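A.B. asks: The following block contains the structure, expressed as structure tokens.
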Amino acid sequence: MVPLSWYIMLSAVMFSIGVFGFLARRNLIIMFISLELMLNSVNVSLVAFSHYLQSMNGQILVFFVITVAAAEAAIGLAILIAYYKNNPTIKVDEINLLKG
Amino acid sequence: MTVHQLIFIYFAIAMTGISLLVVTRRNPVHSVLFMLVLFVHIAALYLFLNAEFLAAVQIIVYAGAIMVLFLFVIMLLNLRREETEEKFHRQWPVSAGAVAVLAVFFIMIVSKIVVLPALGEYSIDAIRSEGSIMTVGKVLFTKYLLPFEIASIILLVAIIGAIVLAKKSTNS
Amino acid sequence: MDNVILNQLSYPILSWTVFLPVVGIFVLLFLRNSGAIRWTALGFTLVTLAVSLPLLTNFDKSTHKMQFVEKSEWIPSWGIHYFIGIDGISILFIVLTTLLSVLCVLVSWTSVQDRVKEFHIAILAVETGMLGVFVALDFFLFYLFWEAMLIPMFILIGVFGGKNRVYASIKFFLYTLVGSLLMLVGIVVLYFYGGKTLDILALSQINYPLKVQYWLFLAFFAAFAVKVPMFPVHTWLPDAHTEAPTAGSVILAGVLIKMGAYGFLRFSMPMLPDATKFFIGPVLILSIIAIIYGALICFAQKDFKRLIAYSSVSHMGFVTLGLFALNTQGVEGGILQMLNHGIITGAMFLMIGIIYERTHTRVIADYGGFAKIVPWYAGFFMILTFASIGLPGTNGFIGEFLIIFGAFKAQMIMGVLAATGIILGAGYMLWLYQRIFFQDPNPDYEAKGAHPVSDLNMREVITLLPLFVLVFWIGFYPNTFLEYMHASVAHLIEQVNQTAYAGQENLLVKFISEIF
Amino acid sequence: MQYAPTVNAMIKYTLIPLLPFLAFIINILLGRNFIRDKAHWVAIPAVFGSFVLAVSAFIDVANGQVINIDVYSWIVSGDFNVSFGFLIDQLSAIMLLVVTSISTLIFIYSVGYMHGDPGYYRFFAYLSLFVFSMLILVMANNFLLLYFGWEAVGLCSYFLIGFWFHKKSAADAGKKAFIVNRFGDFGFGLGVILIFLTLGSLDYMEVFNRAGGIAGQTINILGTDFDLITVICLLLFCGAVGKSAQLPLHVWLPDAMEGPTPVSALIHAATMVTAGVFMVARTSPLFNLSATAMNTVAVVGGLTAIFAATIALVQNDIKRVIAYSTVSQLGYMFLALGVGAYSAGIFHLYTHAYFKALLFLGSGSVIHALGDEQDMRNMGGLKKFMPQTYKVFIIATLSITGIPFLAGFFSKDEILWRVYQQGDLGKFLWFLGTAAALLTAFYSWRLIYMTFHGKFRGTDEQEHHLHESPPVITVPLWFLAVGAVAAGWVGIPPILMEHGDRIGEFLAPVLGHAQGHGSHAEEYFVIAASIFVAVAGWLIAHRMYIKKPEIPAQLGAKYQPIHKLLYNKYWIDELYSKVFVQPTLKLADKVILGFDTIVIEGIVNGIPALIDSFSQGLRRIQTGLISNYGLVMTLGALCMLIGYMVFSG
């Protein structure tokens, strides 16, 4: 039997890699992909919990996470395109509209 | 070391490796493709965890829809210039350090998890007797009906939002 | 519920009045044609006015109790209710608000050409906010309306205003916000001292400890004094008035600044009677300063609209003086003067807007000889000038006389000092009138080849007429309006005098009275 | 004696002020576009209607029907309750007659005088409004309604002085009149409030009934006790001083001559300015209770009489001379009131209305003929061009100077005799009054000689156009001339004719009898003295301006400082300007505005500036790069984790 903690550790590692990708890359699309990676790592841990606790809630939550992720990806990419139309770059260190 | 454990170790190593590849490829198309591979692995892992329905959704929605969307966008933007430039942000060493420490802490915390005897009503047998999809469906449409409806609205909003944002503005 | 009279009409009249403009906003959202937008906005303000009129006829003047009350639970876990009702103090302001809103739409008919939809939405939103403040009997609801009203007002000044509009709107917003945050603190304190309820009527029945009263009074005073505005927190008013579009100035002068005084009447006085008595001296002195200071500063103004704005400071000084005289004549005079000021200054801003639309200047020196150019306009403005000065036969006289009477009765020296404000008022208003309407037209202005200025047209006359009718109505038969107040004011004064700590030596008042 | 008013009576009395008011409404609304130069067809019937009703009211009163009716309740607030109501007694009846009769004549006169003026309809509208206000003032049955009329006539005066508003001097004069009056009204208003607070009512009858109860009470003002009644009376008198242009608030009346001449005649000679006299007479029951207040009234009146007369000696503007003469004559009236001879004061008010209106209208006729020339130095020799005007002018002058058996003689003599009776102060004031009478005679004849005698000194063009005024102007003059001659015959002193003082008897129920004793010899002496000074003034003027016309210039050169002092009206206008007007404007402009913009605005804008400079430093760390923000967030999460690990053990 595989212990629950293994799954969680795997999830933690994947999550950290996702965070790293998000913080270190300059390409906005890859940052988005990193985001998806983090979401998936969480999903893994949720499903694992669900299995070991013999509860359905974890799976349902994953279901919603996937929904939100889909919505987020759609909107995020749409914003990206809209932005790109005005300002043809997707390098994140060239986008500083938040600067006051 | 059981077969299960061996298989899990394979998945763990493969998934970590693929994840690293995803975030380090210069060409976003490559990243997306590795991501697809990763999704397949995750789906497989779900099967081990008695979540057949989610495994299917993972493939269909993530691999089939979201990642394809990413590919479309990459092609739409036609990013040749990006490939020649520095791919990491200036702050990447700090990020790497922070993430490493974070990972260590995560693992330290996670290793303390104690697994109690399973108490829930959805034991493996129970799920088997009804079938995974039916079980998920029953919970989803009874206890989680309202969140489900709200999720559908979120999707609707996302659809409209995406169209409005991405369509060519007519007046400018 | 023995202290309120539930709504006896077959429909929730107050809710209709308050929320009809909101319905109007939703309708406006779907319109594009600016003509249609104007007519719809006018229609909704008119219907709101029509809906509010039955309040006057069905009002029971013999009781001080809240009437037309609607109450239902809203957020039960915090004891918050949807609780609205009016008494003799608020009823007149409801009708004034609904009336002025109609006039605001009318006067903006041609002067607002850009963002017509947003403009009218803002006007309707302000109307709902103002009405809500006057009817709310639950602190949460009150605070909600109080703050909600700021946003459309901010937009009206900041988007549709003059050259310096951004500065003025931010100043207005910050001033009022700082005051109302302190009030929020006060409300929270009341909530805990008053047994975890936000019911304004229930909170008025409680005897708070003296020290709590003092601090609460100061917290509320901060909010209300800014709104009135009292000296020395008045400087947002000239900027906001001057920069706001005509409709914004009318709303500001007509209703918005009345809310400060209304707050004193509704909260400070009945809830904190001891503190009210404690602080009477300073408040009266501030009122006197406002009267004289505001009048004097008018002599130095070069901008037409700014002068009228500063005169508001002086007139509102009269209002607070009357209210804090704490006798029947003073308080009734104060309330009536609030109404009068809404009518007179509201009409003045309407008229300034009308002439500004033609001349595009507000500098007094550019004018001159306009009595010949626009005789009807000059005649109307003359009436307002004299109403503002307080000439008998106009509404200004009744209010100012009652206030001075009340102040004189309370503390003689205050009445005498206030009366000097009337002399100064005659001085600056007549001087203004002379510079604008008399003598020969300014040659520079004509030389610049300015547009020929036309006299009032039918729409403008219709806009102004209701206010002029009121000027004389109140001047000759004020009882129509005073009758609504009698019971409520008598009850209010009774409440203030029923102090739990009667007989305690009031050092401050003694000190002040010894100075004089 | 009071009778319960019938509905008919109520309608009748309400109609008296209402008719002119309707005329005002019609003219002001329709005048500009429809009525235009036919405005008098609205105004004159209205005011004549009032006159007829006033006569009928007078007959009612003469039959003993004193009426006190409340039309409606005006202001009710707590225990404060004031009605809109009328009191028609002997005093108001006489005032009604004076106001409506003179108004009717002057309205007719104005048809000719204002002919062709672009503001013709406006003129008649304002005049009608004035008559309405004056009637309200006269008929009021309480102090607040009196105040209403009081302010309203001030308003009309403002309108009419500034009637030719395109002239800066006219607009200034109107404003000055209104504001100076406000100073008086300030006291008046406070007096009214004090009356209510002490006596609990503003109704004349109730106030007078209760007034005795507060005699001797004191009021604490700024730590000093004052007699309550005296304070009330002096506050009320403040209003009278303003409205009737007494020292020290007389400055507005001469400037008020900027208005059209009929206005000067009606408002600034015959009616409005006498409102102060009427008010003091009306409140005589209060004044009777305070000797201090009475003496103040008498002294102010006496001083004003002589003071204004001295200024009138050297003025060259024909209307200003008459204006100062009015101030002086008003002084006489207050002198009478101050010694308790109320009916004598009202009697003089009534005769003065005729001869002074006549003087003004006569001068208006002259000004009209000369094409708006007002300087007497450019007139002269008009006798042969304007014989009718000359004749009525002579009649008016004879009357005002007190030549026996004309109106002015009886009323002035009555005043001087009453004053003479009042002890030492009375003797002194009598001396002032008689001296003023000498001066009056002198400047009145000076005016006649400079205007009508000698050679014409104006331009040829003016001379070419010289003509007698049309009948619409001269006929009212003759009516007034009849009044100037005969109006005094209702007040012949008992010493000359048994029961001659009919006006005194008529007013006695309201105003009481004047107190004082004196022998017949003394009374003959007073009469002789006033006749003597009247003739003496005439002769001096005749000598100086007809026989030896070089004398005035020589005198002026010899006593230059005095001439200058008088010519510049004692520099009182300049004094007020330096002491009140300019400091106020300076205070407003420099101190108050400075305080507002520098101190208050400085604080208000200073706080945001402070915050701004602080946040300028903080904004540097806002790079706007998402990655930076994400990294900081991650580090933050890390810190929290470490904290959790450390503290949870």
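The values are calculated or read from the model by the stated rules, or taken from the named source; none is laboratory data. Everything quoted here is computed from the prediction, not taken from an experiment. Because the Cβ atoms are built from the backbone with ideal geometry, glycine has one as well, and the counts that use them run over all protein chains shown.
A.B. asks: Any residue that is outside any helix (DSSP H, G or I) and within 9 Å of another protein chain (Cβ to nearest Cβ) - is there at least one of those in the range C:412-426?
C.D. replies: The first filter runs over the range C:412-426 and keeps only residues outside any helix (DSSP H, G or I), leaving none.
Within the range C:412-426, none of the residues are outside any helix (DSSP H, G or I) and within 9 Å of another protein chain (Cβ to nearest Cβ).
A.B. asks: Another question, if that's okay. Output the residues belonging to the range B:92-103 that are more than 7 Å from chain A (Cβ to nearest Cβ) and touching a Ser or Thr at 6+ places or on another chain (Cβ under 9 Å). Reasoning before the result, please.
C.D. replies: Of all residues in the range B:92-103, those more than 7 Å from chain A (Cβ to nearest Cβ) come to B:93-94, B:97-98, B:100-101.
B:A98, B:A100, listed by residue number.
A.B. asks: Do any residues in the range C:491-506 that are crowded, with 17+ Cβ neighbours inside 10 Å have Cβ atoms under 8 Å from those of residues that are at pLDDT below 55 and part of a loop (DSSP other than H, G, I, E, B), where the two are at least six apart or on different chains, and which pairs are they?
C.D. replies: Partner pairs satisfying both residue conditions: none exist.
A.B. asks: Here is a follow-up. Output the number of residues of the range D:621-649 satisfying the condition of being within 14 Å of chain A (Cβ to nearest Cβ) and loosely packed, with under 10 Cβ neighbours inside 10 Å.
C.D. replies: Selection size over the range D:621-649: 1.
A.B. asks: List every residue pair whose Cβ atoms sit under 9 Å apart, with the two residues 6 or more apart in sequence or on different chains, where the first one lies in the range D:462-490 and is of a type in the set (V, I, T) and the second, anywhere, is outside any loop (DSSP other than H, G, I, E, B) and surrounded by fewer than 16 Cβ atoms within 10 Å (Cβ to Cβ).
C.D. replies: Close Cβ pairs (under 9 Å, with a partner that is outside any loop (DSSP other than H, G, I, E, B) and surrounded by fewer than 16 Cβ atoms within 10 Å (Cβ to Cβ)) amount to D:V490/D:R502.
A.B. asks: Is it true that B:V114 is over 17 Å from B:L54 (Cα atoms), assigned to a loop (DSSP other than H, G, I, E, B) and either within 24 Å of the chain's Cα centre (by Cα) or more than 7 Å from chain A (Cβ to nearest Cβ) (or both)? It would help to see each step written out before you state the result.
C.D. replies: Values: over 17 Å from B:L54 (Cα atoms): yes; assigned to a loop (DSSP other than H, G, I, E, B): yes; either within 24 Å of the chain's Cα centre (by Cα) or more than 7 Å from chain A (Cβ to nearest Cβ) (or both): yes.
The answer is yes for B:V114.
A.B. asks: Condition first: at the interface with chain A (Cβ under 7 Å from one of its Cβ atoms) and of a type outside the set (A, V, I, L, M). Now tell me which residues in the range B:26-61 satisfy that.
C.D. replies: From the range B:26-61, those at the interface with chain A (Cβ under 7 Å from one of its Cβ atoms) are B:28, B:31-32, B:35, B:42, B:45-46, B:49-51, B:54, B:57, B:61; that's our starting set.
Hits for the range B:26-61 are B:P28, B:S31, B:Y46, B:N50.
A.B. asks: Right, another one. Quick test for you: out of D:I607, D:I562, pick the one residue that is away from chain A (no Cβ under 14 Å), closer than 30 Å to D:Y449 by Cα and β-branched (V, I, T).
C.D. replies: D:I562
A.B. asks: Any idea which residue in the range D:185-233 is farthest from C:I422 (Cα to Cα), counting only those that are polar (S, T, N, Q) and over 27 Å from the mean Cα position of the chain (by Cα)?
C.D. replies: Narrowing the range D:185-233 to residues polar (S, T, N, Q): D:198, D:201, D:209, D:217-218, D:220, D:224, D:230.
Those left that are additionally over 27 Å from the mean Cα position of the chain (by Cα): D:198, D:209, D:217-218, D:220, D:224.
Values: D:T198: 23, D:N209: 32, D:Q217: 29, D:T218: 27, D:N220: 24, D:T224: 26 Å.
This residue is D:N209.
A.B. asks: Might you check whether a residue that is assigned to a loop (DSSP other than H, G, I, E, B), out of contact with any Ser or Thr (no Cβ under 8 Å at 6 or more places or on another chain) and either farther than 30 Å from D:S615 by Cβ or polar (S, T, N, Q) (or both) occurs anywhere in the range A:61-72?
C.D. replies: Our first condition is that a residue be assigned to a loop (DSSP other than H, G, I, E, B); within the range A:61-72, this holds for none.
No; the residues of the range A:61-72 include none that is assigned to a loop (DSSP other than H, G, I, E, B), out of contact with any Ser or Thr (no Cβ under 8 Å at 6 or more places or on another chain) and either farther than 30 Å from D:S615 by Cβ or polar (S, T, N, Q) (or both).
A.B. asks: Among the listed residues A:I66, A:I75, A:I30, which satisfies the condition of being of a type outside the set (D, E, K, R) and within 14 Å of chain D (Cβ to nearest Cβ)?
C.D. replies: On the way: A:I66 fails: within 14 Å of chain D (Cβ to nearest Cβ); A:I75 fails: within 14 Å of chain D (Cβ to nearest Cβ).
On inspection, the qualifying residue turns out to be A:I30.
A.B. asks: Considering only the range A:78-94, how many residues are within 14 Å of chain D (Cβ to nearest Cβ), without any contact (Cβ under 8 Å) to a residue 24 or more places away in the chain and hydrophobic (A, V, I, L, M, F, W, C)? So that I can check it myself, show each step before the final result.
C.D. replies: Residues of the range A:78-94 that are within 14 Å of chain D (Cβ to nearest Cβ), as a first pass: A:79-80, A:83, A:87, A:89-94.
Cutting the leftovers down to without any contact (Cβ under 8 Å) to a residue 24 or more places away in the chain gives us A:79, A:83, A:87, A:89, A:94.
Then drop every residue that is not hydrophobic (A, V, I, L, M, F, W, C), which leaves A:79.
Of the residues in the range A:78-94, 1 are within 14 Å of chain D (Cβ to nearest Cβ), without any contact (Cβ under 8 Å) to a residue 24 or more places away in the chain and hydrophobic (A, V, I, L, M, F, W, C).
A.B. asks: Something else about it: Suppose the filter is of a type in the set (D, E) and surrounded by fewer than 24 Cβ atoms within 10 Å (Cβ to Cβ); does C:E332 pass it? Full working, then the answer.
C.D. replies: Working: of a type in the set (D, E): yes; surrounded by fewer than 24 Cβ atoms within 10 Å (Cβ to Cβ): no.
No.
A.B. asks: Next question. Pick from B:V68, B:V23, B:V37: which is touching a Gly at 6+ places or on another chain (Cβ under 9 Å) and either within 22 Å of A:E94 (Cα to Cα) or surrounded by fewer than 20 Cβ atoms within 10 Å (Cβ to Cβ) (or both)?
C.D. replies: B:V23
A.B. asks: A follow-up question, please. With the checklist (1) surrounded by fewer than 24 Cβ atoms within 10 Å (Cβ to Cβ); (2) modelled with pLDDT of 85 or more; (3) among the β-branched types (V, I, T); (4) more than 21 Å from C:L417 (Cα to Cα) in hand, flag the one item C:V250 doesn't pass.
C.D. replies: Looking at each condition in turn, C:V250 falls short on (1).
A.B. asks: While we're looking at this one, here's another question. Looking at the range D:146-203 only, could you name the residues that are of a type in the set (D, E, K, R), more than 8 Å from chain C (Cβ to nearest Cβ) and not in a helix (DSSP H, G or I)?
C.D. replies: Let us first name the residues in the range D:146-203 that are of a type in the set (D, E, K, R), namely D:151, D:167-168, D:172, D:175-176, D:182, D:185, D:203.
Now narrow it down to the ones that are more than 8 Å from chain C (Cβ to nearest Cβ): D:176, D:185, D:203.
Residue satisfying the conditions is D:D203 alone.
A.B. asks: Scan the range D:535-594 for residues that are under 30 Å from C:D303 (Cβ atoms) and free of Cβ contacts under 8 Å to residues at least 60 places away in the same chain and report the count.
C.D. replies: So the answer is 18.
A.B. asks: Of the residues C:S77, C:S111, which is over 21 Å from the mean Cα position of the chain (by Cα) and either in a helix (DSSP H, G or I) or buried (at least 24 other Cβ atoms within 10 Å of the Cβ) (or both)?
C.D. replies: The conditions single out C:S77.
A.B. asks: Now for a separate question. Identify the single condition in (1) modelled with pLDDT of 80 or more; (2) touching a strand residue (DSSP E or B) at 6+ places or on another chain (Cβ under 8 Å) that B:A98 does not satisfy, given that it satisfies every other one.
C.D. replies: Every listed condition holds for B:A98 apart from (2).
A.B. asks: Look through the range D:234-251, keep the residues that are surrounded by fewer than 24 Cβ atoms within 10 Å (Cβ to Cβ) and in a helix (DSSP H, G or I), and return whichever of them is nearest to the chain's Cα centre (by Cα).
C.D. replies: D:C238
A.B. asks: Next up: So for the range D:286-302 (the condition being without any contact (Cβ under 8 Å) to a residue 12 or more places away in the chain, in a helix (DSSP H, G or I) and not acidic (D, E)), does at least one residue qualify? So that I can check it myself, show each step before the final result.
C.D. replies: Initially, the range D:286-302 is screened for residues without any contact (Cβ under 8 Å) to a residue 12 or more places away in the chain, giving D:291.
Those still in the list that are in a helix (DSSP H, G or I) too: D:291.
Going one step further and asking which of them are not acidic (D, E), we end up with D:291.
Yes.
A.B. asks: Another question, if that's okay. Of all residues in the range C:202-258, which are part of a helix (DSSP H, G or I) and either within 14 Å of another protein chain (Cβ to nearest Cβ) or hydroxyl-bearing (S, T, Y) (or both)? Spell out the reasoning first.
C.D. replies: Residues of the range C:202-258 that are part of a helix (DSSP H, G or I), as a first pass: C:202-204, C:210-227, C:236-243, C:246-256, C:258.
Across the range C:202-258, the qualifying residues are C:S204, C:Y214, C:A225, C:V226, C:W236, C:L237, C:P238, C:D239, C:A240, C:T242, C:T246, C:S249.
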